[in-house]
Amino acid sequence: MSIVQIAELSGHKDRIWSVSWNPSGTLLASCGADKTIRIWGKSGNSWESLAILTDAHLRAIRSVAWSPNGSLLASASFDGTTCIWDRRGGEFECVANLEGHDNEVKSVGWSASGRFLATCSRDKTVWIWEVEEDNEYDCASVLACHSQDVKRVRWHPLEDILASASYDDTIRFYKEDVDEWAMLQTLTSHTSTVWAIDFNNVGDMMASCSDDKTVKIWRQYLPGNSEGVPTTGEDPAWKCVCTLSGYHERAIYDVSWCPATDLIATACGDNGIRVFKEAPDSDPHSPTFNLVAADRDTHDQDVNCVHWNAKTSGLLASGGDDGIVRLWEVKE
């Protein structure tokens, strides 16, 4: 496979922390240390900046995420707040500002149902917000399960189940039980900070990346599974079934599992992007993933984020410390 740059999007004045495609694959949001969000779209054969969202955050914006229907965009900032932007009127308007974290908010994400929003912070907590009508957001739970800075939250693609990754080297799962949110399981396999996590399109596998320079592949096992993986009650259990090591020279800051092609992309502190694919004859309970494409000079500095377009196969966005958003085509 090959990875070819197809666009270089300039405009941010400082490092890029997050990139996120909207569900229809027509718009890309990026955010960074310059305290702005940029919305990019295609005009003819070229990509251009369609909107610049400013004045909502006082410090760097660490994460952006689109709602499942694409009408709302959430942004999380080092200023401790999360803003909700509404684009249903044609232009983006900040319609809610969520406060409560005691420190930098590192990640934000919407549940597949659109009923919940999750945020996580340097204050070691994960907050779950219930989405009400008229842009009202009520805090449904504050989960203080991690012992260190929480780097990432990611929802299951089909169910209202949440995963979080932390500086404490663990990944934790949560679900709503009656009216309370409870932790389901703690995953321990990484030996340093877990920077990011992402599910495959059906949610039975997950990839994680770490400061330990590895990517780990996890598989979900249901109660009564024939492999003998122990579970608790009616809840599934997650087990690490593969470790990808020796491919990255520094910390891996982001991982994205493509829903259209099943390719896995990573963003690394060695300035490069790598793409992995499961071998066709792979054992599902001990899978083999091969490096199928790489660009070792993707950005001039650390690559902080990658995100696959869900509608256009092989279209990948990346952002880095060089302040540039780049678009890539990955193809056979």
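Residue check: is Cys145 in contact with a strand residue (DSSP E or B) (Cβ under 8 Å, 6 or more places away or on another chain), at negative phi and part of a strand (DSSP E or B)? Spelling it out, it is not the case that Cys145 is in contact with a strand residue (DSSP E or B) (Cβ under 8 Å, 6 or more places away or on another chain), at negative phi and part of a strand (DSSP E or B). Of the strands (runs of 3 or more DSSP E) lying entirely inside segment 268-332, those containing at least 1 residues that are of a type in the set (Lys, Arg) and either in contact with a Gly (Cβ under 9 Å, 6 or more places away or on another chain) or closer than 26 Å to Val241 by Cα (or both) span 273-278, 325-331. Note on segment 263-287: residues that are out of contact with any strand residue (DSSP E or B) (no Cβ under 7 Å at 6 or more places or on another chain) and not small (Gly, Ala, Ser) total 5.
For segment 236-260, taking the residues that are closer than 18 Å to Val303 by Cα and charged (D, E, K, R), the one that is surrounded by the most Cβ atoms within 10 Å (Cβ to Cβ) is identified as Asp254. Could you tell me whether Leu73 is open to solvent by less than 60 Å² (accessible area, probe 1.4 Å), touching a strand residue (DSSP E or B) at 6+ places or on another chain (Cβ under 6 Å), without any contact (Cβ under 8 Å) to a residue 60 or more places away in the chain and in a strand (DSSP E or B)? Here the answer is yes, as Leu73 does meet what is asked. If the condition is being among the hydroxyl-bearing types (Ser, Thr, Tyr) and either at pLDDT below 95 or open to solvent by less than 30 Å² (accessible area, probe 1.4 Å) (or both), then segment 158-191 contributes Ser164, Ser166, Thr170, Tyr174. Give the residues of segment 76-96 that are in a strand (DSSP E or B) and more than 21 Å from the chain's Cα centre (by Cα), sorted by residue number. Selection gives Glu93, Cys94, Val95, Ala96. If you check Ala112 against the conditions, is it touching a Phe, Trp or Tyr at 6+ places or on another chain (Cβ under 8 Å), in a loop (DSSP other than H, G, I, E, B) and either open to solvent by 20 Å² or more (accessible area, probe 1.4 Å) or hydroxyl-bearing (Ser, Thr, Tyr) (or both)? So Ala112 passes the test. The single condition among (1) open to solvent by 70 Å² or more (accessible area, probe 1.4 Å); (2) on the phi < 0 side of the Ramachandran plot; (3) touching a His at 6+ places or on another chain (Cβ under 6 Å); (4) not hydroxyl-bearing (Ser, Thr, Tyr) that Lys124 does not satisfy is (2).
When Asp270, Asp281 are screened for being acidic (Asp, Glu), on the phi < 0 side of the Ramachandran plot, out of contact with any Cys (no Cβ under 8 Å at 6 or more places or on another chain) and touching a residue at least 24 places away in the same chain (Cβ under 8 Å), only Asp270 passes.
Residue count for segment 13-33 satisfying the condition of being open to solvent by 20 Å² or more (accessible area, probe 1.4 Å), part of a loop (DSSP other than H, G, I, E, B) and of a type outside the set (D, E, K, R): 4. Here are Asp102, Asp14: which of them is acidic (Asp, Glu) and either at pLDDT below 95 or more than 23 Å from Ser318 (Cα to Cα) (or both)? The unique qualifying residue is Asp102.
Is it the case that segment 216-231 has a residue that's farther than 25 Å from Ala140 by Cα, open to solvent by 20 Å² or more (accessible area, probe 1.4 Å), in a loop (DSSP other than H, G, I, E, B) and in contact (Cβ under 8 Å) with a residue 24 or more places away in the chain? Within segment 216-231, one or more residues are farther than 25 Å from Ala140 by Cα, open to solvent by 20 Å² or more (accessible area, probe 1.4 Å), in a loop (DSSP other than H, G, I, E, B) and in contact (Cβ under 8 Å) with a residue 24 or more places away in the chain. Counting residues in segment 279-298 that are β-branched (Val, Ile, Thr), over 20 Å from Lys331 (Cβ atoms) and touching an Asp or Glu at 6+ places or on another chain (Cβ under 9 Å) gives one or more.
Could you check segment 34-58 and list, in sequence order, the residues that are surrounded by 14 or more Cβ atoms within 10 Å (Cβ to Cβ) and in a loop (DSSP other than H, G, I, E, B)? Hits for segment 34-58 are Asp34, Lys35, Thr36, Ala56, His57. Within segment 127-157, the residues that satisfy the criterion of being in contact (Cβ under 8 Å) with a residue 12 or more places away in the chain, among the charged types (D, E, K, R) and surrounded by fewer than 20 Cβ atoms within 10 Å (Cβ to Cβ) are Glu130, Glu136, Asp149.
The values are calculated or read from the model by the stated rules, or taken from the named source; none is laboratory data. Quick caveat: nothing in here was measured; it's all calculated off a predicted structure. A quick note on method: Cβ atoms are made from the backbone with ideal geometry, for glycine too, and the neighbour counts reach across all protein chains shown. Note: areas computed on protein heavy atoms with side chains; ligands, DNA, RNA excluded. Shrake-Rupley method; radii C 1.70, N 1.55, O 1.52, S 1.80 Å.
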